[in-house]
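What follows is a set of notes on a single structure, which appears directly below.
The values are calculated or read from the model by the stated rules, or taken from the named source; none is laboratory data. Since the model is a prediction, treat every value here as computed from it, not as a measurement. Every residue, glycine as well, gets a Cβ built from its backbone with ideal geometry; the counts of neighbours run over all protein chains shown.
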Amino acid sequence: MQLSIQHFARRALAGLVLCLPLVNASMQNADATSTTVRVVGYSIVRSAFTALETAFAATPAGANVTFTNSFGASGTQATNVANGQPADLVNFSLEPDISTVVASGHVAANWKAQSVKYAGVNPSYTGKRQQTVYTTPGIVTDSIVVFVVRPGNPKNIKDWDDLTKTGVNIINPDPRSSGSAKWNLLAGYSAQLSAGKTSAKAQDFLGRLIQNITIQPTSGSLALASFIAGNGDVLLSYEDDALAAIAAGKAIQIVTPPTSFLIENPAALTKSGETNQAAKDFYKFIFSTAGQTIWAQQGYRPVLKSVATSNNSSFPKFAKAKSLYTVNALNKQGWSAVDPMFFSPTVTFGSDKKHPKTGIVTHFLQLAGH
């Protein structure tokens, strides 16, 4: 399934008024009276926060509020905050990176409840009261994994099996630093499960896929920049990042595979953010109808049901529920089980010495010489 470049270019033009430069402020300690909000996020959300912060500044709650911003590879950013980088609000690629700052004591263990406490969004509601598209608390945006190819799709990339063909050079970020890379590889693995393959066969596919990865930048944004610069035949990417590039006039094309993976991006207030009224107000804003509409204009799939419904025509649908895999579909324990199973730096085997029990991706990266 291929998306219309012109369609998203028109949507992007409608939101240009939101993309004014930010006012920067010097770093300072946040407290209950602070008007500075320190945002730390994963690499590709930079332009989205430019729009969100500008729009928030035009609201009564945002009057006289200034922002400092830091964006980079999700895992690296999480480690930086855990090691003391000042932050009031964090927006990472995936939940394990929030867990890193929880373990360091900078974010409360019950951070998922903040979306109810501060933003008034309750994902447990169903039926007519349903507020969110999915029931995962603390998630501010959704996305999916897509293929980014050259205009005209010269390698005829349509589905996951096409990525393992001889001569197909793939760009995928490094999963040791990038959340995007983790989502992308989980998508390839789960596509095999969706097709009825065993977990062992899905691992074998993942090994072949990784063998074709020729460039591993440290973040999703650097991976996209490398592809735009002319490297590789196909890029594994967030849908929203690719849409933003198209809206900016980059000569790329998006292919949505028949089976993909639901990307859920968490946001949380740090402990300093919970004592900073401006940070709490901004956190509420990014979950609000106005904020979620801006996310949609930036190519992210809104988590608010009402905003998602009004933007249905902007995003491809999937024929079956199992065609959009989730972390909990891989393992009912979620990321606490999935992360070590695939991305532990320590590889362990059971009786089957070919297919690891933990560190699956690490094992195949080692075999590929990455």
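Kindly provide the set of residues from the stretch 156-180 that are in a helix (DSSP H, G or I), in contact with a strand residue (DSSP E or B) (Cβ under 8 Å, 6 or more places away or on another chain) and not hydroxyl-bearing (Ser, Thr, Tyr), ordered by number. I'd like the intermediate steps shown before the answer.
Residues of the stretch 156-180 that are in a helix (DSSP H, G or I), as a first pass: 160-164, 179-180.
Those still in the list that are in contact with a strand residue (DSSP E or B) (Cβ under 8 Å, 6 or more places away or on another chain) too: 163, 179-180.
Across the stretch 156-180, the qualifying residues are Leu163, Gly179.
Looking at (1) touching a strand residue (DSSP E or B) at 6+ places or on another chain (Cβ under 6 Å); (2) crowded, with 21+ Cβ neighbours inside 10 Å, find the lone condition where Thr256 falls short.
(2)
For the stretch 226-240, which residues satisfy the criterion of being within 17 Å of the chain's Cα centre (by Cα) and assigned to a helix (DSSP H, G or I)?
First, pick out the residues of the stretch 226-240 that are within 17 Å of the chain's Cα centre (by Cα): 235-240.
Selection gives Glu239, Asp240.
Under 18 Å from the mean Cα position of the chain (by Cα), of a type outside the set (Phe, Trp, Tyr) and modelled with pLDDT of 95 or more, is that true of Ala251?
Numbers: under 18 Å from the mean Cα position of the chain (by Cα): no; of a type outside the set (Phe, Trp, Tyr): yes; modelled with pLDDT of 95 or more: yes.
Here the answer is no, as Ala251 does not meet what is asked.
Conditions first: (1) basic (Lys, Arg); (2) modelled with pLDDT under 95; (3) touching a Pro at 6+ places or on another chain (Cβ under 7 Å). Lys182 passes all but one, so which condition is the exception?
Unmet for Lys182, out of (1) basic (Lys, Arg); (2) modelled with pLDDT under 95; (3) touching a Pro at 6+ places or on another chain (Cβ under 7 Å): (2).
When you go through (1) aromatic (Phe, Trp, Tyr); (2) in a loop (DSSP other than H, G, I, E, B); (3) within 15 Å of the chain's Cα centre (by Cα) one by one for Phe49, which number turns out not to apply?
Answer for Phe49: the failing condition is (2).
Thr309 - would you say it is over 21 Å from the mean Cα position of the chain (by Cα) and of a type in the set (S, T, N, Q)?
Taking the combined requirement at face value, the residue does not satisfy it.
The rows are residues; the columns are (1) under 22 Å from the mean Cα position of the chain (by Cα); (2) surrounded by fewer than 18 Cβ atoms within 10 Å (Cβ to Cβ).
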{"position": "Ser180", "(1), (2)": "yes, no"}
{"position": "Ser199", "(1), (2)": "no, yes"}
{"position": "Ala202", "(1), (2)": "no, no"}
{"position": "Asn212", "(1), (2)": "no, no"}
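Out of Ser194, Ser177, Ser219, Ser199, I need the residue that is in the same structural domain as Thr346 (by TED's automatic domain parsing), under 20 Å from Asn328 (Cα atoms), among the small types (Gly, Ala, Ser) and touching a helix residue (DSSP H, G or I) at 6+ places or on another chain (Cβ under 6 Å). Which one? Spell out how you get there, then give the answer.
Numbers: Ser177 fails: under 20 Å from Asn328 (Cα atoms); Ser219 fails: under 20 Å from Asn328 (Cα atoms); Ser199 fails: touching a helix residue (DSSP H, G or I) at 6+ places or on another chain (Cβ under 6 Å).
Going through Ser194, Ser177, Ser219, Ser199 in turn, the sole match is Ser194.
Since Thr66 meets every condition but one in (1) of a type outside the set (A, V, I, L, M, F, W, C); (2) at pLDDT below 95; (3) touching a Ser or Thr at 6+ places or on another chain (Cβ under 9 Å), which condition does it not meet?
Here Thr66 clears every test but (2).
Before we move on, is Leu94 in contact with a Phe, Trp or Tyr (Cβ under 8 Å, 6 or more places away or on another chain) and at pLDDT below 95? Show your work before the answer.
Working: in contact with a Phe, Trp or Tyr (Cβ under 8 Å, 6 or more places away or on another chain): yes; at pLDDT below 95: no.
No, not satisfied.
Can you name every one of the helices (runs of 4 or more DSSP H) wholly within the stretch 270-356 that holds 1 or more residues which are in contact with a Pro (Cβ under 6 Å, 6 or more places away or on another chain), touching a residue at least 12 places away in the same chain (Cβ under 8 Å) and more than 30 Å from Gln203 (Cα to Cα)?
On the way: elements: 277-287, 289-297, 305-310, 327-330, 335-343.
The helices (runs of 4 or more DSSP H) meeting that bar are 289-297, 305-310.
Any residue in the stretch 298-313 that is surrounded by fewer than 17 Cβ atoms within 10 Å (Cβ to Cβ) and on the phi > 0 side of the Ramachandran plot?
No: zero hits.
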